[in-house]
Amino acid sequence: MATLIIYYSLGGKTDLVAKTLAKHLNGDLVRIHDMKQRNGIKNKFLSSINAFRETKTTIVPANVDITDYDTIYFGTPTWMGNPTPAILTIIDRCNLRGKDAIVFATMDANRGDTNVKRLEEKVRMRGARVIESFTIATKGKAPEQLIKDTEAIIEMKDLKMYRR
Ligand SMILES: Cc1cc2nc3c(=O)[nH]c(=O)nc-3n(C[C@H](O)[C@H](O)[C@H](O)COP(=O)(O)O)c2cc1C
């Protein structure tokens, strides 16, 4: 049961969560980069609108080969209660038929639940079976706390059950 974690992170929080998952679950990691400038107040405002409208974006890598994996995690920050354009863009390019999916979202404090609901819908549309989902609040948390919170979720959700 090979595990792959595909994620997008702007500020590094989701990156830390994804790396903690990979370490404990023996998973491989693919970080998706958004070629659109997302930093700065104006760009963040526009990014919220892009997320709300589910606008696609230019990503690197443009595609991910998921052939060898049975369980695929998709992780993203929450932008205006929605998944980010980068993660939706890659999900739409993956054929997930026959795959198990676990989706997760980081957030400051709220609307991560609407984000993961939408992620679940999107991966199901691509053919996946959703086996788990979770959110992690990141606001004001030191990296050590974020690692601890992620480890707590691994235990609580028994995520090691799905690793290779
Ligand atoms: C454009 C934008 C919109 C956001 N919208 C929300 C939101 O609706 N709810 C929330 O709790 N956090 C929101 N946040 C905060 C991020 O989801 C949160 O800080 C996340 O953990 C950042 O992950 P990252 O460091 O991997 O980019 C938003 C951040 C940005 C940049």
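Descriptive notes on the structure:
- Using the Cβ of residue 43 as centre and a radius below 11 Å, the other residues enclosed give a net charge of +3, where K and R count +1 and D and E count -1.
- Kyte-Doolittle at least -0.5, axis length at least 15 Å by Cα - qualifying DSSP helices, the chain: 13-25, 41-53, 143-156
- Percent of alpha-carbon pairs separated by more than 20 Å within segment 3-162: 44
- Net charge, residue 63 excluded, C-beta distance under 13 Å - Lys, Arg +1, Asp, Glu -1: -1
- Net dipole in debye of the chain [+1 Lys, Arg Cβ; -1 Asp, Glu Cβ; about Cα centre; nearest 20]: 440
- The P(r) of segment 72-164 has a tail past 16 Å containing 54 percent of all C-alpha pairs.
- Summing charges over all other residues whose Cβ lies under 12 Å from the Cβ of residue 120, with Lys and Arg as +1 and Asp and Glu as -1, gives +3.
- The distance between label points at residue 36 and residue 65 comes to 2.9 nm (points 7 Å beyond Cα on the Cα→Cβ vector).
- Efficiency of FRET between residue 95 and residue 144 - r from beta-carbon atoms, R0 41 angstrom, step 0.05: 0.60
- Residues whose amide H lies under 5 Å from that of residue 9, counting only those 5 or more places away or on a different chain, are 32; hydrogens are built 1.01 Å from N in the peptide plane.
- DSSP beta bridges fully contained in the chain are about 10 percent antiparallel.
- Cα-based radius of gyration of segment 59-107 once divided by 2.2 N^0.38 Å, which approximates compact folds: 1.17
- In the distance distribution for segment 1-61, Cα-Cα pairs more than 16 Å apart total 53 percent.
- Among the trypsin sites (Lys or Arg not before Pro) in segment 36-145, those located in a DSSP loop and surrounded by at most 10 other Cβ atoms within 10 Å of their own Cβ are 97, 139.
Read-outs: derived from the displayed coordinates by stated rules, not from any lab. Keep in mind that what you see is a predicted model, and the values were worked out from it rather than measured. Backbone-built Cβ (ideal geometry, glycine too); neighbour counts: all protein chains shown.
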